[in-house]
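Read through the structure below, which is laid out as structure tokens, and then see the notes.
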Amino acid sequence: MEASRIAIPIGTALDRFIKNNQDQFQYASGELSQLLRDIALASKVVNREVNKAGLIDIMGAMGSQNSGGEQQQKLDVLANIRFTRALAKGGEACALISEETESYVDLNNDGNYVIAIDPLDGSSNIDVNVSIGTIFSIYRRKSKEGMPIQELDILQRGAEQVAAGYILYGSSTMMVYTTGHGVNGFTYESTLGEYVLSHPDMKMPIDGNIYSINEGLANTFSPSIKSYLEFCKGNNYSARYIGSLVADFHRNMLKGGIYLYPATIKNPSGKLRLMYECNALAFIAEQAGGKATDGTNRILEILPRDLHQRTPFFVGSKNMVEKAESF
Ligand code: AHM
Ligand code: MG
């Protein structure tokens, strides 16, 4: 007889939660756990810097430099440095790809994992005190460890992610992640310096009445997207668009809704990046009972041909995404 698992209570610290659930992972080693802890740690540093965003300008205006004597850097660049350093130091990762970096970053050849990251998403919101986020995906390498990494290690389908998550720097800071066994959300308790479990086993409502899209671009959408938007209005849906994908996604995750970034005239393949933004959120959405497509294909089945490939993106409550697809 299998022993029943004791439910992990709200308030459990992230480190303990990761440790308690380590055996769910088929390659039962502490490497993936360590990567998740490294990401969490780097996000705390980024969170501190995000909270000082306004002051950086003031210090910049005063001509000040940071303690290392460097000029203050833009937050997205800084976040990229923080995550890269954190993920490089433990040796678990063999490569890192980032929205901020043209090519991949070669790390430890003995490492078993490839990380894809958008270190600070929602760039237009960074300077205006609106929620922003970090998005990450973790893959297991395909080639033999010890060898230099190859293209097949990096250009993997989203369905091969072993973990994915996001950090939302909002009215509170949260880390939400999955390892393919449901989705759990942790809120940052800044006085303790700890993420604590606040949203166990998150489920996205199957239906909803919120739609999130940059409707200012409506003239450049396809007729089918325009008809879907008419459908939303005809049903008195609420329009909510922050312009920070993580924040829009997180709200829809809790309240039910759909996020859409379709093809436009300016971006005929959509704006969002398959490997840094869409795959991770698609994995989380599916794990929470939601759905993610490019309009016809499941996002997680798309085989990337290019590191910075873009895709149209429709993600959210299952019934809403299916309705949008029917247009
Ligand atoms: P970024 O990676 O340059 O920050 O762009 C991604 C962001 C998403 O967070 C957001 O949903 C979208 O771009 C908003 O785009 P737009 O301003 O075209 O509506
Ligand atoms: Mg981005």
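The values are calculated or read from the model by the stated rules, or taken from the named source; none is laboratory data. Being a predicted model, the structure only gives us computed values, none of them experimental. Backbone-built Cβ (ideal geometry, glycine too); neighbour counts: all protein chains shown.
Of the strands (runs of 3 or more DSSP E) lying entirely inside the range 71-144, those carrying at least 2 residues that are of a type in the set (A, V, I, L, M, F, W, C), touching a residue at least 60 places away in the same chain (Cβ under 8 Å) and within 25 Å of ILE299 (Cα to Cα) are 113-121, 132-140. The C-beta contact set for the range 231-259 (first residue touching a residue at least 12 places away in the same chain (Cβ under 8 Å) and closer than 25 Å to TYR276 by Cα, second residue in a loop (DSSP other than H, G, I, E, B) and aliphatic (A, V, I, L, M), distance under 6 angstrom, 6+ apart or interchain) comprises ASP248/ILE242; MET253/MET204.
Put simply, of ARG298, ARG310 the only residue that is away from ligand 2 (no atom under 16 Å from the Cβ) and either surrounded by fewer than 21 Cβ atoms within 10 Å (Cβ to Cβ) or modelled with pLDDT of 95 or more (or both) is ARG298.
Would you say THR296 is touching a Leu at 6+ places or on another chain (Cβ under 6 Å) and β-branched (Val, Ile, Thr)? When the stated conditions are applied, THR296 does not pass them. Within the range 87-98, can you find the residues that are farther than 23 Å from SER124 by Cβ and crowded, with 21+ Cβ neighbours inside 10 Å? LEU87, GLU92, ALA93, CYS94, ALA95, LEU96 - these are the residues of the range 87-98 that are farther than 23 Å from SER124 by Cβ and crowded, with 21+ Cβ neighbours inside 10 Å.
Only one of the numbered conditions (1) surrounded by fewer than 21 Cβ atoms within 10 Å (Cβ to Cβ); (2) within 14 Å of the chain's Cα centre (by Cα) is violated by ILE167, and that is (1).
Note on the range 85-130: among residues that are among the hydroxyl-bearing types (Ser, Thr, Tyr) and touching a strand residue (DSSP E or B) at 6+ places or on another chain (Cβ under 6 Å), the one that is nearest to ligand 1 (Cβ to nearest atom) is SER98. If you go through the range 170-193 and pick out every residue that is under 20 Å from the mean Cα position of the chain (by Cα) and either part of a helix (DSSP H, G or I) or surrounded by 14 or more Cβ atoms within 10 Å (Cβ to Cβ) (or both), you end up with 16.
Residues that are under 21 Å from ASN21 (Cβ atoms), surrounded by 20 or more Cβ atoms within 10 Å (Cβ to Cβ) and either of a type in the set (Gly, Ala, Ser) or modelled with pLDDT of 95 or more (or both) are absent from the range 227-244 altogether. Please tell me if ASN214 is polar (S, T, N, Q) and more than 11 Å from ligand 1 (Cβ to nearest atom). Taking the combined requirement at face value, the residue does not satisfy it.
All conditions in (1) surrounded by fewer than 22 Cβ atoms within 10 Å (Cβ to Cβ); (2) within 16 Å of the chain's Cα centre (by Cα); (3) away from ligand 2 (no atom under 16 Å from the Cβ) hold for LYS271, with the sole exception of (3).
Of the residues making up the range 253-265, those that are farther than 13 Å from ALA282 by Cα and either among the polar types (S, T, N, Q) or within 16 Å of ligand 2 (Cβ to nearest atom) (or both) are TYR261, THR264.
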